[in-house]
Each structure stands twice: as C-alpha cells, then as structure tokens.
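The values are calculated or read from the model by the stated rules, or taken from the named source; none is laboratory data. All figures in this text were calculated on a predicted structure; none of them were measured in a lab. Here the Cβ is made from the backbone with ideal geometry for all residues, glycine too, and neighbour counts use every protein chain on show.
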Amino acid sequence: MTDRLVTANIKLASPDWEMGFQVGVPEAPIAVTELLPLAQNLSNAIVDATVQEIETRGGKISCCKGCGACCRQLVPISDVEARYIAELVESLPEPRRSQVKARFEDAVKRLAEAGLLEKLRQPECWYREGYREFGLEYFRQGIPCPFLEDEACSIYPDRPVTCREFLVTTPAKNCQNPATETIRSVKLPMRVGPALAKLGTRGDDPSEAHWVPLILALEWMAANPNAPPHRSGPDLLGDLMRHLTGKELPPLAESEQMPPSQPETPN
Ligand code: SF4
Ligand code: SF4
C-alpha cells in the first residue's frame, strides 16, 4: 500500500525574485531528518535565485570549488543536521570512516589545547553575543573541517545548509584573513539554516534556535543518541515554513504519489 502523501503549493518571494513549487510530505509521522532533502532544496533555490539576481546586476560571487579558507571557520548547524552528519560519518566505508573520525578527534583536541572547547560547547554563550570575536579566535586556530580534502568539500551534496548559505562577493584571498571590513557576504532574503535550528527538536521552546558547532557534531550525537519523536510530515513542514517565512502553510492536498519538490526557476 502506498503511504499517503500530502502536497502544498509554496511561493517564496523577495524584493528581487519570486518562485513557486509543489512539495510533498508523508502524512504519517516521520523523523525530522527526513525533511532535510526538502530543506536543502529550498536553501539551494534561495541561494541560486539570489546569486542570479546579483549576477544580473553585474556582481560576481567569488566562491568556487577548491577554495576552502572558509572551511576553517566556526560553522553552526542545527540539531537535525548534527544528527545527519553523525549518521553520514557512521555510514562511510572503512578506512574512510576512521580517517574522518580521527580528524574530528584531532580538531577537538586542538580546540581544547587552545582553550576554546568549553565555550564552544555552549553555543548560547557565543551565538548571539560575541559571535564575531569568538569566530575569529576559532578561525585563527587554522583547524580545517574534517570533510575538507584538497581544499574542496568531500560531502558537497550533503554539506550543511549553513555552508550552502555562506557566499561572498569580496576577493577570495580576503577570506584567508577575514575581518568585518574585508568580507562582504551575500545577504539572503531568508535563510533555511536558522529555520532548521528552530525546529524544536530538543522538545523545549520551539521558537528558540538551537545550534551545534559542526566540529562537535559527533560529540553531540554521542551525548544525544535518541532521535526526537517522529512528527507528521505536514506538522514538520508547517513549522519549517513558518520559521522560514513567518507565514502559515497554504492548505494541503492529499496525493498518492510523491510530487516534484524542486523549485521552479525564479522569475
Ligand atoms: S567564502 Fe571565501 S574561501 Fe569560502 S569559497 Fe567563498 S571565496 Fe572561497
Ligand atoms: S562541510 Fe564542506 S563546505 Fe562545510 S565547512 Fe566542511 S568542508 Fe566546508
């Protein structure tokens, strides 16, 4: 028997672009991680539309493959992505799994030696206030992301939404010595990363964003092995869209087949 699916027609709009698409989610309870592919597609579409607009106006994005200075930055990700990243590492074949785990362990050791680990473990202490200073201190350690290989992301299709949503228009060489005056990042009209971080997977205040530093994803998973309770697809999608746009989802329709979830080209 086919699982019952529900669909929603979603429109996203910024001052510069509009896009519409149909998404489908199971009506039954699902794991929050099952919503991630949809969230990643949304993020990709918002980034693509914004980049297209910048380029139409003659601007240029500096980011490209093989340019990985930013992959030494502090990368905050949502609980759901921390779980996804930890599961992804566990699914890697050997010896790659052990190599990647060793890089995580080495990074954590270096952060402890630098005296940053305890603060890093408390995002509530650095995410809102002092983020810039703490982020620069982290960057100065020169610790590469465990997934960075030959200055390129080795999990590119699965990379966190935070990585997808960070782009700059300033010269790439400026990223090797980042400062407020030398880095101009692209301002997205809406960001999926914070919306995911508010999905309330810790079961407390659902409007509060919860962050995990990417570098501590494995440690976080070890301390939080139990996945949050499954929730119905429409509930999860509704929360994600509310956190992303501030609006309620339009009415959902039942469907027996998964419809396309790729956004249309913006106009
Ligand atoms: S943010 Fe900077 S270092 Fe990262 S890809 Fe873009 S230009 Fe390169
Ligand atoms: S996950 Fe990939 S894109 Fe993100 S910081 Fe790591 S290497 Fe860079």
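Can we say V47 is within 16 Å of ligand 1 (Cβ to nearest atom), β-branched (V, I, T) and within 30 Å of T245 (Cβ to Cβ)? Yes. In the set V192, V186, V168, V161, only one residue is out of contact with any Leu (no Cβ under 8 Å at 6 or more places or on another chain), among the aliphatic types (A, V, I, L, M) and closer than 28 Å to L38 by Cα; that residue is V168.
Quick check on region 59-76. Is at least one of its residues away from ligand 1 (no atom under 16 Å from the Cβ) and small (G, A, S)? No, region 59-76 has no match at all.
Take A217 and decide whether it is surrounded by 15 or more Cβ atoms within 10 Å (Cβ to Cβ), in contact (Cβ under 8 Å) with a residue 12 or more places away in the chain and closer than 30 Å to N9 by Cβ. Considered against the rule, which asks whether it is surrounded by 15 or more Cβ atoms within 10 Å (Cβ to Cβ), in contact (Cβ under 8 Å) with a residue 12 or more places away in the chain and closer than 30 Å to N9 by Cβ, A217 comes out as no. Inside region 90-134, residues that are out of contact with any helix residue (DSSP H, G or I) (no Cβ under 8 Å at 6 or more places or on another chain), assigned to a helix (DSSP H, G or I) and farther than 21 Å from A222 by Cα make up a count of 4.
To keep it simple, each residue is scored yes or no on (1) of a type outside the set (A, V, I, L, M); (2) more than 16 Å from ligand 1 (Cβ to nearest atom); (3) over 24 Å from N226 (Cβ atoms); (4) modelled with pLDDT under 95.
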| residue | (1), (2), (3), (4) |
| --- | --- |
| G115 | yes, yes, yes, no |
| R140 | yes, no, yes, no |
| R159 | yes, no, yes, no |
| P178 | yes, no, yes, yes |
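Scanning region 50-65 for residues that are in a helix (DSSP H, G or I), within 15 Å of ligand 2 (Cβ to nearest atom) and surrounded by fewer than 21 Cβ atoms within 10 Å (Cβ to Cβ) turns up nothing.
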